[in-house]
Amino acid sequence: MRSEFATGSDFATGKGRTMDFDAIIIGAGVIGTSVALGLSRAGCRTLNVDALPAAGYGSTSNSSAVIRPFYSAMETCALAHEARHQWTRWADFLDAADESGFAEYVECGILVLMGEGDKERFAPSVLAMREVGVPFEYLSPDDIRQRMPTITLQSFGPPKLPGDPAFGVANETPLSGGLFIPEAGYVGDPQLAAHNLQRAAEALGAVFRFNLPVTAINQPDGRAGGILTASGESVSAPIVVNVAGPHSSQVNALAGVTADIAMATRPMRHEVAHIPAPENFDPQHGGCVIADGDAGVYFRPEGEGHMLIGSLDPECDGKDYVDADEYNQGFTEQWTRQVWRTAQRFPGLGIPNTAQGVVGLYDATDDWVPVYDKSSLPGFYMAIGTSGNQFKNAPVIGALMAELILACESGHDHDNDPVRFDLPHLGRSIDLGFFSRKRDSHTEGSGTVLA
Ligand SMILES: Cc1cc2nc3c(=O)[nH]c(=O)nc-3n(C[C@H](O)[C@H](O)[C@H](O)COP(=O)(O)OP(=O)(O)OC[C@H]3O[C@@H](n4cnc5c(N)ncnc54)[C@H](O)[C@@H]3O)c2cc1C
């Protein structure tokens, strides 16, 4: 497996040394596999190492995989809208076969329901979409009812716990309508998307190893030099990338790089309910993704006659920060309250006796914006803090990280002169300093997974 470290990329250090790989990527979720593809396309020999048995088995497998450009900052909106372009031409983008088939992107649109105060609250997102060129329209309550006859547009907000006597009591003023973004939707099988990216990277020579936890980051000359695995194996590479999802802070601790990280990452537990959908909620009948801030939930069609319900993290719920290695994987009252909240919107909704769905972990930052950055240790990089909202960006994060990494390895001072990343489909570029580990919290965000 040994190969001469020479990739065509003019890295500042390590050139000419004999290394096992050019880059080791810790994690093979949808972001880790994308980083493998991005670096492979840039000419690097990569190795992904994952503790789990296959690509996308971590938080990726629990993803609701909603694709939408509704973000409160231009950078995040633009990234999502650029990535959507790749979802619409997924097989072409991958340019490689996969014996398991390809993940399917369903473009059914997203409806962001609006009530009192939402015009002001959503102003930054509307501004960002206008700047990026995302098409959207305002729908009146009648427009919405015509599209979804079983929905009620009474307002019950702000979201409450089911035990609150005011839960389910309608406010005097109903919702005012919604903002509909047609170029949005969801990917039905997020794990398959990670597998697709793995196969595309492998077609270019990338190597993947599973069931192999990384236990140390080797640092032979004051820079990253490879990894040590739980089996005692040492693998060398001048570049190591932390894409460990909810374990990202543990991997940063292994590398000893936490001191200059202002935007820490923490695992946050989330339950997603799968229940029978209201009648005609499927995309063929106008069903779409709905973000319902008034009820504190988002939901979307999921398979034949089903829907999936996730949380918009309303304040009354608190935050369920957990240990990524030891947390409750069963359903709790979180599942119940999400279903009850959705039943406010669809009064005819049947509530099953048995809870079904998934329990997953976000790798959360305080401002819900990810960290795509270098670190204080030369050669060690991170694509972390994906905060429950970066599945959609996976197709572009690989190229983004490759550009950032290759620039830094060529001596670019990214901390002081941030790299700009081109979004060719949108014909614009973004400042990657926006995703810095050293940033103060971005304040214009929604304070929720909508970011
Ligand atoms: C419930 C839920 C709903 C979501 N909904 C959406 C949505 O609607 N839209 C959206 O855009 N995003 C959504 N997300 C977020 C999205 O799924 C994540 O941002 C994305 O999947 C993260 O991918 P990843 O590759 O960074 O992490 P992961 O998929 O978690 O992969 C990390 C991998 O690293 C491995 N690893 C960790 N530590 C080590 C180690 N020491 N050694 C070896 N391997 C290690 C793990 O085994 C794991 O496989 C949601 C997430 C969850 C949990």
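Quickly work out the THR215-to-TYR138 label distance, labels modelled 7 Å from Cα along the C-beta direction, and quote it in nm with one decimal.
6.1 nm
Expressed as a rounded percentage, what relative contact order does the stretch 401-451 have, with Cα pairs under 8 Å and six or more residues apart? All intermediate terms of the calculation are to be shown ahead of the outcome.
On the way: 29 pairs, mean separation 11.3, N = 51.
Worked out over the stretch 401-451, it gives 22 percent.
Can you count the Lys pairs in the chain whose Cα atoms are under 30 Å apart, with each pair 8 or more apart or on different chains?
Qualifying lysine pairs in the chain: 13.
Tell me the angle of helix 394-409 to the major Cα principal axis of the chain, expressed in degrees between 0 and 90 and rounded to the nearest ten.
Tilt of helix 394-409: around 30 degrees.
Take the Cβ-Cβ distance between ASP92 and ASP422 as r, set R0 to 30 Å, and report the resulting FRET efficiency rounded to the nearest 0.05.
0.95
How many angstrom lie between the C-alpha centres of the stretch 171-191 and the stretch 309-333?
Measuring centre to centre over Cα atoms gives 22 Å.
If a cysteine in the chain has no other Cys Cβ under 4.7 Å from its own Cβ, put it on the list, ordered by number.
Within the chain, the cysteines lacking a partner Cβ under 4.7 Å are CYS44, CYS77, CYS316, CYS408.
Once the convex hull of the alpha carbons of the stretch 108-186 is built, what does its volume come to per residue, in cubic angstrom?
118 Å³
Rounded to the nearest 500, what is the chain's calculated 222 nm mean residue ellipticity when only DSSP H runs of at least 4 contribute -39500 (n - 2.57) each, over all residues?
-7000 deg cm²/dmol
Fewest first, what order do HIS412, HIS442 take by the number of other Cβ atoms within 10 Å?
HIS412, HIS442
Listing VAL396, VAL169 from the residue with the fewest other Cβ atoms within 10 Å to the one with the most, what is the order? List each step's numbers first, then the result.
On the way: VAL396 24, VAL169 10.
So the ranking, lowest neighbour count to highest, is VAL169, VAL396.
Can you figure out the FRET efficiency of ALA203 with GLU233, using R₀ = 35 Å and their beta-carbon distance, to the nearest 0.05?
In this case the efficiency is close to 0.85.
May I ask you to derive the relative contact order of the stretch 36-189, considering only C-alpha pairs under 8 Å and at least 6 residues apart, and to give it as an integer percent? Write down the numbers at each step before the final one.
Numbers: 192 pairs, mean separation 53.4, N = 154.
Value for the stretch 36-189: 35 percent.
What ranking do SER236, SER387 get, fewest neighbouring Cβ atoms within 10 angstrom at the top?
The most exposed by this proxy come first: SER236, SER387.
Laboratory data are not the source of any read-out in this text; all were calculated from the coordinates shown. Small disclaimer: the values here were computed from a predicted structure and weren't measured. Note that we place each Cβ from the backbone using ideal geometry, even for glycine, and neighbour counts take in every protein chain shown.
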